[in-house]
Structures are given as structure tokens and as C-alpha cells.
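> Here you go, one structure.
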Amino acid sequence: MTTTAHSPRLLVLSTVVLAVVGIVLLGLPAGRTAAPPSPAAAPSHRRATAGTPSTASVSPAAPSHSATPPPHGEGKAGDRAIQRTLETAWPTDLPVADQQRLIVLGRSLLRADATGIGRARWQRIFGAPQQALAPAFAAARFRVQAVIARRDGAASRAVVHLVWAGTDRGGTFTDGRITDLYFTRTISKGVSTWTPRPRH
């Protein structure tokens, strides 16, 4: 059998690594295992889940780093952690006034699409009421868990990234759903307006 001069170091290093893993596992609450990072940790590169606005499409480049949000099923108690995770993973790059306006618009548009409430305001997106698809989610169980607004390349383009929860018509509740809504800014007579991009 051959040995190398570094084998004692490797043995010590392996022992330390195993000890750290053991401490982490022992620190978890009983009955809970370490959860893998959720899609809510950072903007998604895929299309939004079924039942989300058709204005959603491929999101901008992923952030340089991400954090691990709470596991699914944490309820409202986990929403604040998801919000912090989004803000950490995707640093702000819009003026505060634009961010606030876009967040309000994004919440309203997502709610209108998912639950049907307020669609009359967005006829450019959903068409006439008699032409719109039936809402896929119950209004009483719809909740936006976290939301941020960021630039989408040019200064006149933005994306609102939402993480949300809802109960579909079949009665299935799911949290951690992801939707990206895209907006374009137009300026008319000195007034700046953010408008959802047309359906693709």
C-alpha cells in the first residue's frame, strides 16, 4: 500500500467537513430536512406557471448570487424571508418612485389574471369581459408572497418579479409560484406612464 505525505491532512479535513455537516443537520428542527433552493430565490429563466398572465415570458439574466428562501408551506410567516431573498439576489436599479408604481401595477395585473378581479382595468391585455378566459384561482386564497421591480435592459423597460400563492379551481393550494410581468415606459406631455407589454 502506498501513502502520500498529504494523507494526514486529508483525513483531518474530511473529519472537519463531516463534523460541520453533522452540526448543521442536528440544528434542523425535528422532522425537517434541509430544503433545496426554491425557484423563488431568484428570477426564473422559464415561463411563468400555468394560469399566470400571458404577458409573462423569459426573465432577464439571473443575479450574481442567491440565498435560500424558506421551505414551501411556511405560509405568511415565510413571505418576509422570500422578499428579503429577492432583494438580496437582485439589487435595486430603478428609482424608488418607479419601483413603487411598478409593484402596484404588477400586483394588480397578476391578481386580475389569476382571480378575474379588476380585469376591466386591463382590457388591452384581457380583451372584452365576454372574451376573457375564466379565472383559474380563487380570490379568497390568492396572495402575493413577495414582489420586486427591476430594469429589463433599457431604462424604458422593466420587469416585475412576483412570487405568489393560490388555490386553483380544483382546490389545490400551491405557494412559491413565479410570474414575471414586463412593462414599457412612455412619456407624454411630461407624464411618465408604465404600460404592460402586449401579449406575445
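The values are calculated or read from the model by the stated rules, or taken from the named source; none is laboratory data. What you see is a predicted model, and the numbers here were worked out from it, not measured in a lab. A quick note on method: Cβ atoms are made from the backbone with ideal geometry, for glycine too, and the neighbour counts reach across all protein chains shown. Protein only, heavy atoms only, side chains kept; ligands, DNA and RNA dropped before computing areas. Shrake-Rupley method; radii C 1.70, N 1.55, O 1.52, S 1.80 Å.
> Would the range 128-146 turn up any residue that is in contact with a strand residue (DSSP E or B) (Cβ under 8 Å, 6 or more places away or on another chain) and over 30 Å from Gly78 (Cα atoms)?
So far as the range 128-146 goes, no, none of its residues is in contact with a strand residue (DSSP E or B) (Cβ under 8 Å, 6 or more places away or on another chain) and over 30 Å from Gly78 (Cα atoms).
> I'm trying to understand the selection: among the residues of the range 103-139, which are within 23 Å of Ile82 (Cα to Cα), touching a residue at least 24 places away in the same chain (Cβ under 8 Å), out of contact with any Asp or Glu (no Cβ under 9 Å at 6 or more places or on another chain) and open to solvent by 30 Å² or more (accessible area, probe 1.4 Å)?
Ile103, Arg107, Arg111, Ala139
> Please go through the range 160-181 and give me each residue that is open to solvent by less than 10 Å² (accessible area, probe 1.4 Å) and not polar (S, T, N, Q), ordered by number.
Val160, His161, Leu162, Val163, Trp164, Ala165, Gly166, Ile178, Asp180, Leu181
> Does at least one position in the range 172-189 carry a residue that is modelled with pLDDT of 95 or more, under 14 Å from Arg101 (Cβ atoms) and in contact with a Leu (Cβ under 7 Å, 6 or more places away or on another chain)?
Scanning the range 172-189, I find at least one residue that is modelled with pLDDT of 95 or more, under 14 Å from Arg101 (Cβ atoms) and in contact with a Leu (Cβ under 7 Å, 6 or more places away or on another chain), so the answer is yes.
> Take Ala149 and decide whether it is hydrophobic (A, V, I, L, M, F, W, C), within 24 Å of Thr92 (Cα to Cα) and open to solvent by less than 20 Å² (accessible area, probe 1.4 Å).
Taking the combined requirement at face value, the residue satisfies it.
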